[in-house]
Amino acid sequence: MKKDDFLKGAFVATVCLIITKIFGALYVIPFYAIVGSRGTILYGSAYNIYAIFLNLSTLGLPLAISKMVSEYQTLDYQDVKKRSYKIAGRLMVIMSLVTTVFLFLAAPFLAKNIIKTNIDLNSCIPFGATGYALNEMMASKVMVDGITTVMRVSAGAIIFVTLLSMIRGYLQGMRYITASSISQVIEQLIRVIIIIVGSYLCMRVFNTGVTTAIVWTVIGAIIGAIIAFIYLLYKKSQVPEETNYVIKEEEKKIKDRDIIKKVITYTVPLIVMELIGMSFQLVDMFTVVRTLTAYGFSVTDASNIMNIVTTLGIKLNVIVMTVANGIVISLLPNLTSDFVSGNIEAVKAKVTKTIQVVCYTTIPMAIGLSFLAEPVWTVFYGPDFYGPKVFCVSVFVAIFGSIFTNVMIMMQSLNRYKKMYLSLIIGFGFNAIMNIPFMILFGKIGLQMYYGNLVATMIGYSLSVIICMIDLKKTFHINYGKTIKYLIYTILTSLFMVGVLSLLKNVVSLSNTSRLISLGISLLYAGIGAIIFFIITYKLKMYDDIIGIKLKRKKK
């Protein structure tokens with residue numbers, strides 16, 4: 001077991017996340033073919049609520065553990081480090097049990113409000129009701145019952161995933177990023193295998209129905225978490241523990257109640273950050289169907305669009321967000337260590353470097369995926385009327401979400417809590433208030449209504465990020481000049497890349513109903529686009545400076 005520095009940790013975490021996301025993206029192809037649109041709606045609706053409750057059960061403690069362990073390790077407070085890990089662990093177990101029970105009991109209420117229409121699901125079928133009204137009523141009732149069942153089963157997964165995240169937080173705080181990242185690959189691989197095999201057996205062999213098939217996605221999550229947890233326990237046993245340390249005088253003054261207070265101090269901002277981050281999706285879940293059905297969309301179409309925005313599209317968005325998520329894992333312990341040791345220059349360097357890398361990777365990928373929305377969607381989900389139309393815009397949410405996540409982690413690592421709270425309240429408040437008005441506005445000006453909520457989400461993220469970046473600039477005197485220059489270069493280069501690819505459309509069409517041919521088209525365009533982007537940014541010396549890898553250049 002060897003510790004990883006910032007760049008190595010970010011690289012390892014990113015590579016493992018890429019592998020994890022590839023598994024997560026590829027399994028969708030057979031899974032969608034097996035369970036169909038209704039199955040993915042059940043899965044997405046239940047999973048998003050489950051993710052909210054999982055965050056509640058952990059209370060942001062995995063990242064808090066990572067920060068505290070890193071802080072006390074830097075100060076060489078070995079006794080306090082061990083005590084803080086045990087105390088935080090006990091809190092996580094208690095909260096996981098509480099949220100498990102609460103989610104199980106609240107599942108029917110939450111399900112009814114996700115599939116919210118003007119139809120009273122508890123009323124008798126009105127005499128003389130049309131066939132369309134009956135179908136809408138039955139479709140809504142079946143969806144609510146299915147989502148309730150899957151939510152209740154998913155509640156049982158919380159305790160296992162909580163234990164796994166607890167030990168991950170400890171190892172990340174100790175900068176053992178590799179072991180933590182490999183555990184994610186193991187967890188995802190086991191989960192995907194069980195999901196595909198289980199859903200296939202349910203739907204094609206035993207004919208148990210789509211709800212039972214979706215339940216296997218939860219069983220896969222449980223078994224994957226257990227196996228990954230066993231792996232990390234083994235890796236943790238290999239960590240060289242300090243046994244002959246001398247408890248310092250400063251440590252003796254730190255009582256358990258002081259540790260609990262610090263745990264609360266560190267977790268509250270993370271709770272707010274994670275919940276508000278998830279609530280951006282939650283706003284869509286509770287407003288999209290209701291608004292679209294009120295303006296003429298059927299329950300089926302509105303639910304499909306909501307599913308694309310909150311689940312199917314997000315699964316493709318993770319392709320864009322992978323690098324950003326990898327940086328987060330390494331950023332928190334390293335930035336915390338620099339801040340605690342007073343190395344402000346290192347803090348400034350990591351802040352600007354993080355933003356540059358996130359923009360350099362996410363912007364061209366999002367613009368490219370938007371351009372290739374039709375063939376990419378066909379590869380993963382098959383031909384669909386709404387899929388490419390929604391995804392070509394929703395993919396840009398990944399850019400703002402990636403920057404948002406990293407900036408919030410910076411604020412948490414540097415103890416800038418008040419400004420972080422303010423930015424989160426303003427950003428989420430804008431999204432929550434303006435989601436429906438934006439949808440209505442877009443419909444009235446001739447644009448698709450479902451673009452309105454996506455734009456409201458992006459503006460909400462942007463407001464939070466801008467407020468935090470201004471605060472970091474004032475507090476640490478950070479210069480964003482080069483970052484802004486590289487941002488402009490990245491956008492212009494990405495647009496040029498798409499311009500060239502547009503010419504290729506005259507030779508190779510993007511429209512095709514075959515998944516195999518669509519895959520070939522997507523890879524062809526992606527490869528050409530990547531080469532164009534890399535050559536231009538290489539000539540501009542952006543690649544060398546941002547990525548930090550000096551490539552040998554030919555002498556003129």
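Restricting attention to the stretch 428-446, and to residues there that are of a type in the set (A, V, I, L, M) and in contact (Cβ under 8 Å) with a residue 60 or more places away in the chain, which single residue is surrounded by the fewest Cβ atoms within 10 Å (Cβ to Cβ)? Only one residue tops the list, namely Ile440. Taken over the stretch 529-553, the residue count meeting the criterion of being farther than 23 Å from Ala324 by Cα and either modelled with pLDDT of 85 or more or within 27 Å of the chain's Cα centre (by Cα) (or both) is 1.
Hey, does the stretch 453-461 have a residue that's within 30 Å of Gly313 (Cα to Cα) and small (Gly, Ala, Ser)? Yes: one or more hits. Has the stretch 276-287 got any residue that is over 23 Å from Cys468 (Cα atoms) and not hydrophobic (A, V, I, L, M, F, W, C)? Within the stretch 276-287, one or more residues are over 23 Å from Cys468 (Cα atoms) and not hydrophobic (A, V, I, L, M, F, W, C).
For Ile521, the requirement of being modelled with pLDDT of 90 or more and either part of a loop (DSSP other than H, G, I, E, B) or surrounded by fewer than 18 Cβ atoms within 10 Å (Cβ to Cβ) (or both) is not met. Under the condition of being of a type outside the set (Ser, Thr, Tyr) and touching a helix residue (DSSP H, G or I) at 6+ places or on another chain (Cβ under 6 Å), which residue from the stretch 261-271 is farthest from Gly443 (Cα to Cα)? Among those residues, the one meeting the criterion is Val263. Restricted to the stretch 196-311, the set of helices (runs of 4 or more DSSP H) holding at least 1 residues that are closer than 25 Å to Pro388 by Cα and of a type outside the set (D, E, K, R) comprises 210-237, 256-294, 299-307.
Which residue out of Lys81, Lys21 is more than 20 Å from Gln412 (Cα to Cα) and either assigned to a helix (DSSP H, G or I) or touching a Cys at 6+ places or on another chain (Cβ under 7 Å) (or both)?
Just one listed residue meets the conditions, Lys21.
Does the stretch 154-180 hold any residues that are outside any helix (DSSP H, G or I) and either within 20 Å of the chain's Cα centre (by Cα) or modelled with pLDDT of 90 or more (or both), and which are they? Let's see the steps before the verdict.
Step one: list which residues in the stretch 154-180 are outside any helix (DSSP H, G or I), which gives 156-157, 174-176.
Result: Ala157, single match.
For the structure I just gave you, tell me whether Tyr132 is surrounded by fewer than 21 Cβ atoms within 10 Å (Cβ to Cβ) and modelled with pLDDT under 90. Yes: the conditions hold for Tyr132. The residue list Val320, Val340, Val299, Val393 contains one member that is at pLDDT 85 or above and touching a helix residue (DSSP H, G or I) at 6+ places or on another chain (Cβ under 8 Å), which is Val393. Of the residues making up the stretch 415-427, those that are surrounded by fewer than 22 Cβ atoms within 10 Å (Cβ to Cβ) and either touching a helix residue (DSSP H, G or I) at 6+ places or on another chain (Cβ under 8 Å) or among the hydrophobic types (A, V, I, L, M, F, W, C) (or both) are Asn415, Arg416, Tyr417, Lys419, Tyr421, Leu422, Ile425, Ile426. Among residues of the stretch 342-370 that are closer than 15 Å to Leu414 by Cβ, those with a Cβ under 6 angstrom from a residue that is of a type in the set (D, E, K, R) and in a helix (DSSP H, G or I), sequence gap 6+ or separate chain, pair up as Ala346/Asp338; Val347/Asp338.
If you go through the stretch 382-391 and keep only what is assigned to a helix (DSSP H, G or I) and surrounded by fewer than 24 Cβ atoms within 10 Å (Cβ to Cβ), you end up with Tyr386, Pro388, Lys389.
Look at the stretch 57-78 and say how many of its residues are surrounded by fewer than 24 Cβ atoms within 10 Å (Cβ to Cβ), of a type in the set (D, E, K, R) and assigned to a helix (DSSP H, G or I). Number of matching residues: 1.
Just to be sure, is Leu316 crowded, with 22+ Cβ neighbours inside 10 Å and over 17 Å from Val455 (Cα atoms)?
Yes.
The values are calculated or read from the model by the stated rules, or taken from the named source; none is laboratory data. Just so you know, these numbers come straight off a predicted model, no measurement behind them. We place every Cβ from the backbone using ideal geometry, glycine too, and count neighbours over all the protein chains shown.
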